Amino acid sequence: MNEQTVRLRGELEEIMRRGKELVASVDDAVLTRQPAEGSWSAAECIEHLNISAEKYVRRFRRALDAGPKLPPREREKLTWRGRFFVWLAEPPPRWKLAAPRGYATQTAPPREELVARYVNLHAELIRILEESDAIDRSKIRVNSPASRYVKLRLLDGFSLLTAHARRHLWQAERAIA
């Protein structure tokens with residue numbers, strides 16, 4: 001398995017673990033409590049990650065199905081654009097960015113549904129990541145779910161997704177503190 005696949009798989013597994021533990025560690029009142037007016041609760045942060053993951057799954061799958069199936073590169077690395085977006089998304093936030101339309105949630109589903117969807121979506125992302133290990137991810141372009149003007153290479157997209165998840169898990173952990 002490619003070094004980047006191993007790294008990203010580990011990050012996705014850690015994101016899954018942290019999200020499940022966070023939800024399991026508190027009762028429903030704490031999980032759904034907004035720490036301040038206009039702030040997201042921990043449950044809303046997790047649901048936002050579900051919405052984002054769902055959009056990424058569709059885009060990654062479409063890009064993989066349509067993209068060239070060239071042999072993988074010996075060494076993969078992020079592009080300068082990918083590194084910038086990852087830097088921007090990593091916690092703690094350098095500045096607050098509004099969630100794009102369709103990514104914010106007004107209410108989160110019940111705890112069991114929230115966690116089940118979270119685990120299933122991240123497991124599907126791991127499957128897509130491992131499937132992409134056998135091809136040149138630098139040749140596969142994926143449209144960013146957040147902006148129709150941004151196209152990323154597949155490896156950049158996976159790295160941005162994991163950085164974004166860490167940002168909102170960080171936010172959710174602060175919401176329950």
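The values are calculated or read from the model by the stated rules, or taken from the named source; none is laboratory data. In this text the structure is predicted, and so the values were computed from the model without any measurement. Cβ placement follows ideal geometry from the backbone for every residue including glycine, while neighbour counts extend to all protein chains displayed.
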Every residue from region 129-145 that is surrounded by fewer than 18 Cβ atoms within 10 Å (Cβ to Cβ) and assigned to a helix (DSSP H, G or I) | 130, 131, 138, 139
Go through (1) in a helix (DSSP H, G or I); (2) in contact (Cβ under 8 Å) with a residue 40 or more places away in the chain one by one and return the number of the condition residue 105 breaks.
-> (1)
So, first residue part of a helix (DSSP H, G or I) in region 158-177, second residue among the aromatic types (Phe, Trp, Tyr), Cβ within less than 6 Å, six or more apart or across chains; the pairs are 160/85; 161/56
Would region 64-77 turn up any residue that is touching a strand residue (DSSP E or B) at 6+ places or on another chain (Cβ under 6 Å) and either of a type outside the set (Lys, Arg) or touching a residue at least 24 places away in the same chain (Cβ under 8 Å) (or both)?
-> no
Conditions: (1) over 29 Å from residue 138 (Cα atoms); (2) of a type outside the set (Asp, Glu); (3) touching a Ser or Thr at 6+ places or on another chain (Cβ under 6 Å); (4) not in a loop (DSSP other than H, G, I, E, B). Residue 46 meets all but one. Number of the miss?
-> (3)
Quick one: residue 83 ticks every box in (1) at pLDDT 95 or above; (2) touching a strand residue (DSSP E or B) at 6+ places or on another chain (Cβ under 8 Å); (3) of a type outside the set (A, V, I, L, M) bar one, so which box is it?
-> (2)
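So that you can scan it fast, the table gives a plain yes or no per residue for (1) closer than 18 Å to residue 147 by Cα; (2) under 16 Å from the mean Cα position of the chain (by Cα); (3) among the hydroxyl-bearing types (Ser, Thr, Tyr):
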site	(1), (2), (3)
7	no, yes, no
19	no, yes, no
49	yes, yes, no
63	yes, no, no
66	no, no, no
71	no, no, no
Scanning region 146-158 for residues that are crowded, with 24+ Cβ neighbours inside 10 Å and of a type outside the set (A, V, I, L, M, F, W, C), the one nearest to residue 20 (Cα to Cα) turns out to be 157
Looking at region 48-80, which of its residues are of a type in the set (A, V, I, L, M, F, W, C), at pLDDT below 95 and exposed (fewer than 14 other Cβ atoms within 10 Å of the Cβ)?
-> 66, 70
Of the residues in region 16-40, those that are surrounded by fewer than 21 Cβ atoms within 10 Å (Cβ to Cβ), part of a loop (DSSP other than H, G, I, E, B) and either touching a Ser or Thr at 6+ places or on another chain (Cβ under 9 Å) or among the acidic types (Asp, Glu) (or both) come to 27, 33, 34, 35, 37
